[in-house]
1. Could you please give the count of residues in segment A:7-26 that are closer than 20 Å to residue B:76 by Cα and out of contact with any strand residue (DSSP E or B) (no Cβ under 6 Å at 6 or more places or on another chain)?
2. Identify the residue in segment A:68-82 that is part of a loop (DSSP other than H, G, I, E, B) and more than 7 Å from chain B (Cβ to nearest Cβ) and, among all such residues, is farthest from residue B:113 (Cα to Cα).
3. For segment A:1-24, give me each residue that is in contact (Cβ under 8 Å) with a residue 40 or more places away in the chain and assigned to a helix (DSSP H, G or I).
4. Check segment A:44-55 and report whether any residue there is facing chain B (nearest Cβ under 7 Å), touching a helix residue (DSSP H, G or I) at 6+ places or on another chain (Cβ under 7 Å) and closer than 24 Å to residue B:32 by Cα.
5. Please go through segment B:109-119 and give me each residue that is part of a helix (DSSP H, G or I) and either at the interface with another protein chain (Cβ under 7 Å from one of its Cβ atoms) or buried (at least 20 other Cβ atoms within 10 Å of the Cβ) (or both), ordered by number.
6. Among residues belonging to segment B:73-108 that are free of Cβ contacts under 8 Å to residues at least 12 places away in the same chain and not in a helix (DSSP H, G or I), point out the one that is surrounded by the fewest Cβ atoms within 10 Å (Cβ to Cβ).
7. I'd like to check something: does segment A:123-135 contain any residue that is surrounded by fewer than 16 Cβ atoms within 10 Å (Cβ to Cβ) and under 18 Å from the mean Cα position of the chain (by Cα)?
8. If only one of A:85, A:25, A:60 is crowded, with 24+ Cβ neighbours inside 10 Å, within 7 Å of chain B (Cβ to nearest Cβ) and more than 24 Å from residue B:59 (Cα to Cα), which one is it?
C-alpha cells in the first residue's frame, strides 16, 4: 500500500515531538521515553511517579481529538497488519524495549540528541532489525 | 500545577506524533520498506525532533533544576551489553511486525481504533513478561 510523501508535515510534527521532550525535561527533569512512561504506569513506583505519567499519557491521548477540534479532521491511520501479528509484534516491542531500556522516543529522540553511547548503539540496531523484518514479511514471505 | 504541565507536554508530543505520520502503521512500515513502497517521510520526523531536542536540552540544562523541583534525571550508563543490543534488536523486530511503537500508539488511542488498544495491551504484556523473566535482579528502568 502506497503512502504519500509528507516531508513538511513530518518535519513539523518532529519539531513538536522534540518540543514535548524538551518541555518535559524543563519542567520535570525527565527523559521522554514512551516505554519508560508505560512501565511506570503498569508497575508504579509510588504515587507521585504514577501521577505525572498518567497526566502525560492523558494529554497524548487527547491530541488527535484536539486536532479534530482545530482542523475539523481526525488524523487518519491505516493498519495493514492482522490482529494476531499486532499482538505478536506488541509483546516483542514491550519485551525488547524494556530489555534494551528504550524505544524510538527514549533512545531515538532523547538519547541521540544528547549523544548517549547506548542510544547510538541501540537506534541503528532497531532500525536495521525493523527494516529486515519488513523485508522478510513483504518480500520473502510475500504477505 | 505540575500535573497540568505534564498533561500539556503530553498534548504537545501527541500533536507532533499525529501530524508527523508516526502513528500511522502504513506509513511506518513503508518507511522501512526500502525495496518496496518506500516512504522516506519519517526521516524528517527524526530530523525535526533531534534539532529541537539537541538545542533545547542544552538550553534547559543551563538551569540548576527543573521548574517543578527535584533534579535533572538523565541516564549516565555507557555500558554496551547483550541486554541493550538484544533488547533493541527485538524491539525493531516487533516494530517491523506491528508498525506501531509505544510513543506513537499512545496518542493513536485518541483515534479510537481498536487495533491500537490491542497493541498496547500486548506491549504491557511484554513489559510484564520482561519483569517476570528477570525477577531476581533489580535493573534500571527503561528510558
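Nothing in this text is a laboratory measurement; each read-out follows from the coordinates by a stated rule. Just so it is clear, the structure is predicted and the values come from calculations on it, not from any experiment. With ideal geometry, Cβ positions are generated from the backbone for all residues, glycine too; neighbour counts draw on all protein chains shown.
1. 4
2. Across segment A:68-82, the extreme among qualifying residues is A:72.
3. A:17, A:18, A:21
4. No, segment A:44-55 has no match at all.
5. Hits for segment B:109-119 are B:109, B:110, B:111, B:115, B:116, B:118, B:119.
6. This residue is B:76.
7. Within segment A:123-135, one or more residues are surrounded by fewer than 16 Cβ atoms within 10 Å (Cβ to Cβ) and under 18 Å from the mean Cα position of the chain (by Cα).
8. A:60
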